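Participant: Attaching a single structure in structure tokens format; questions to follow.
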Amino acid sequence: MTLFLLLVIAAIVLGIIGVVAEGLFYLLIIGIVVLVAALVHLGMHIRRSGRHQRTLR
């Protein structure tokens, strides 16, 4: 979860710098790519942890 939060914060910072600073539009694109990577990582983590948790009846 720490890695996910770190990636999201990095994506937000890169996105803000990319929007504010003139000529650094590529940072916005990199921020979007990092955000997508963070969401994919979170999805894989949730999917993987869901398999190990079984309820006994």
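The values are calculated or read from the model by the stated rules, or taken from the named source; none is laboratory data. None of these values were measured; they are calculated from a predicted model. Every residue, glycine as well, gets a Cβ built from its backbone with ideal geometry; the counts of neighbours run over all protein chains shown. Heads up: the accessible areas ignore ligands, DNA and RNA and are worked out on the full protein's heavy atoms, side chains in. Shrake-Rupley method; radii C 1.70, N 1.55, O 1.52, S 1.80 Å.
Participant: Using helices alone, I'd like the mean residue ellipticity at 222 nm for the chain: each DSSP H run of four-plus residues gives -39500 (n - 2.57), total over residue count, nearest 500.
Facilitator: Here the helix-only value at 222 nm equals -29000 deg cm²/dmol.
Participant: Same structure, new question: Nearest 10 degrees, 0 to 90: what angle lies between the long axis of helix 2-20 and the longest principal axis of the chain (Cα atoms)?
Facilitator: Compared with the principal axis, the helix lies near 20 degrees.
Participant: Could you calculate the contour length gain from Ala37 to Ile17, that is, 0.36 nm times the residue separation minus the distance between their Cα atoms, to one decimal place in nm?
Facilitator: 5.3 nm
Participant: Using only Cα atoms, what Kirkwood radius does the chain have, in angstroms?
Facilitator: For the chain, the Kirkwood estimate is 12.6 Å.
Participant: Would you mind getting the accessible area per residue of the chain, heavy atoms of the protein chains only, 1.4 Å probe, in Å²?
Facilitator: 85 Å²
Participant: Considering only protein heavy atoms and a probe of 1.4 Å, how much of the accessible area of the chain is carbon and sulfur, as a whole percent?
Facilitator: Of the solvent-accessible surface of the chain, carbon and sulfur hold 72 percent.
Participant: Estimate the FRET efficiency between Thr2 and Leu24 by the formula 1/(1 + (r/R0)^6), using the beta-carbon distance for r and 25 Å for R0, to the nearest 0.05.
Facilitator: Here the calculated transfer efficiency is 0.35.
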